[in-house]
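Report on one structure; see the data block that follows.
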Amino acid sequence: MEILPTNKQNLIVPIMRKIVEKLVRLQIKAFTLVETLLTLMIVSFIYLGLSGSIKTSFQQVEEKVFFAEFEHLYQESQKIALARQTELDVEVTARKIQTPYQTVEIPDSVILQDPKTIRLDRAGGNSSLANVHFQTQRGVVTYQLSLGNGKIKKSIRSR
């Protein structure tokens, strides 16, 4: 048996370490096809379960934002009519609420029950006792417009 000189031994030791490291890395097992399909199925069920609740939550937030925008549009329109001392029409149609200065889109989850035009006078008040009814999944949201002073009262009637 031949004994290697110490400088050759020093060369072989790092090479052997590299070979051992590669063997250890090769021993790591991967997922089998059945395990992969099972993981995919579990993730899919979790995704489907969460997507329904997220969609419902998003729809509720979208409705709240729409009603806040509608109230803001109405109040801003009153201020514009008063500041300019002109009459102003607020058109409430099936898909949008519009003034000459601003438009608010009605979300798909909200249904307007009766389209109308609300005329604001020079003082910012309206000239009718108009009601605006919106149908949502939770119920009917009604805005009662007061005669003269232009204030609005919001009421929600649950299903």
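The values are calculated or read from the model by the stated rules, or taken from the named source; none is laboratory data. Quantities reported herein were computed from a predicted structural model and do not represent experimental measurements. For neighbour counting, all protein chains shown are included, and Cβ atoms are generated from backbone atoms with ideal geometry for every residue, glycine included.
Data for the structure
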read-out: Matching residues in segment 111-123 - criterion: being surrounded by fewer than 18 Cβ atoms within 10 Å (Cβ to Cβ) and of a type outside the set (Asp, Glu); value: Ile111, Leu112, Gln113, Pro115, Lys116, Thr117, Arg119, Arg122, Ala123
read-out: Exclusive hit being touching a strand residue (DSSP E or B) at 6+ places or on another chain (Cβ under 6 Å) and farther than 20 Å from Ile156 by Cα, set Lys96, Lys79, Lys55; value: Lys96
read-out: Of all residues making up segment 67-97, the number that are loosely packed, with under 11 Cβ neighbours inside 10 Å and under 14 Å from Val132 (Cβ atoms); value: 1
read-out: Residue ID - farthest from Lys79 (Cα to Cα), chosen from residues in segment 110-159 that are assigned to a loop (DSSP other than H, G, I, E, B) and among the hydroxyl-bearing types (Ser, Thr, Tyr); value: Thr136
read-out: Residue list for segment 106-159, filter: under 17 Å from Val61 (Cα atoms) and either among the hydrophobic types (A, V, I, L, M, F, W, C) or in contact with a Ser or Thr (Cβ under 8 Å, 6 or more places away or on another chain) (or both); value: Ile106, Ser109, Val110, Ile111, Phe134, Thr136, Gln137, Arg138, Gly139, Val140, Val141, Ile156
read-out: Residue in segment 50-72 that is at pLDDT 80 or above, farther than 30 Å from Gly139 by Cα and not basic (Lys, Arg) present; value: no
read-out: Residue check for Tyr74: touching a residue at least 60 places away in the same chain (Cβ under 8 Å), under 29 Å from Gln59 (Cα atoms) and touching a helix residue (DSSP H, G or I) at 6+ places or on another chain (Cβ under 9 Å); value: no
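Per-residue answers, yes or no, for (1) farther than 25 Å from Lys64 by Cβ; (2) at pLDDT 90 or above; (3) of a type outside the set (Lys, Arg):
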position	(1), (2), (3)
Gly124	yes, no, yes
Ala130	no, no, yes
Gly139	no, yes, yes
Lys153	no, no, no
